[in-house]
Amino acid sequence: DTGVSQDPRHKITKRGQNVTFRCDPISEHNRLYWYRQTLGQGPEFLTYFQNEAQLEKSRLLSDRFSAERPKGSFSTLEIQRTEQGDSAMYLCASSSYREEHYGYTFGSGTRLTVV
Amino acid sequence: SQQGEEDPQALSIQEGENATMNCSYKTSINNLQWYRQNSGRGLVHLILIRSNEREKHSGRLRVTLDTSKKSSSLLITASRAADTASYFCATDRGAQKLVFGQGTRLTINP
């Protein structure tokens, strides 16, 4: 297992289209997080899964956003009816309860551009 | 909302010099973590310091934590060109999520 994988790396979409991103965490990690990062800012928390349960959602996650983690493995983040303000880097991270002192492992992110 | 605030926002030094970045936060924490981000990439975990620790070392990195002042510092000694990146502090309040600051953009000049 080489780390957290995110796909695609880049996505350009027209306003109003739907997009879906995928994250494959480290297989032993039961916790999975989605963050959003805009240029010049730090990452902002979107949502968190423990196994397949979505335990917390940020107010940033409007009803156009939905995240799933079926079977507690990979996760998808879908944005419906994209807006230009959704343009950002979407980062996925995973961690393990047993290794909570070792920090999170982040993927390389998916850069979304809405035109 | 972002809890941590890094200072300075940007830092430019000569290779071989030491770089110090500071982070302040607002609420009590379980631990504080520092991450590095190269341009356009994901974040890499550097070091974690627990709320009951005051100082921690890892290679050329030294982190301090002062919970009474709600502040932390990251020192990188003998800087190298490869250290050029953005550095973020992140606080863990035990709520199963990290809250990041806005970062310090570090440039090492050869």
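Here, each number is a calculation from the coordinates, and none is a lab measurement. What you see is a predicted model; the values in this text were computed from it and never measured. Every residue, glycine among them, receives a Cβ derived from its backbone with ideal geometry; neighbour counts consider all protein chains shown.
Could you quote the convex hull projected area for the range A:42-115, Cα atoms only and averaged over all directions, in nm²? List each step's numbers first, then the result.
Working: hull surface 22.5 nm².
If I average the Cα hull's projected area over directions, I get 5.6 nm².
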Expected vector for the range A:71-78, Karplus 3J(HN,Hα) from phi with 6.51, -1.76, 1.60 and θ = phi - 60°, integer Hz, x for Gly and Pro, equals 6, x, 10, 6, 10, 10, 10, 10
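Take peptide B:96-108, look around each residue's Cβ out to 10 angstrom, count Cβ atoms belonging to other protein chains, and average those counts.
Details: counts 11, 12, 9, 4, 7, 3, 3, 5, 0, 1, 0, 0, 0.
For peptide B:96-108, the averaged partner shielding equals 4.
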Rounded to the angstrom and largest first, Cα extents along the principal axes for the range B:1-65 equal 35, 28, 21
Eigenvalues of the alpha-carbon gyration tensor of the protein assembly as shown, times 5 and square-rooted, give semi-axes in Å, largest first, of 29, 20, 16
Karplus-derived 3J(HN,Hα) from phi for the range B:20-34 (6.51 cos²θ - 1.76 cosθ + 1.60, θ = phi - 60°), whole Hz, x at Gly and Pro, runs 10, 10, 10, 9, 10, 9, 10, 10, 5, 9, 8, 7, 10, 10, 10
On each of the three principal axes the extent of the alpha-carbon atoms of chain B, given in whole Å and largest first, is 41, 28, 20
Taking R0 as 35 Å and r as the Cβ-Cβ distance between residue A:115 and residue A:57, the FRET efficiency 1/(1 + (r/R0)^6), rounded to the nearest 0.05, comes to 0.80
One finds the C-alpha centres of the range A:1-75 and the range B:1-65 to be spaced, in Å, by 24 Å
Partner aspartates and glutamates whose C-alpha sits under 14 Å from that of residue A:11, ignoring same-chain residues fewer than 8 away, are A:78, A:83, A:86
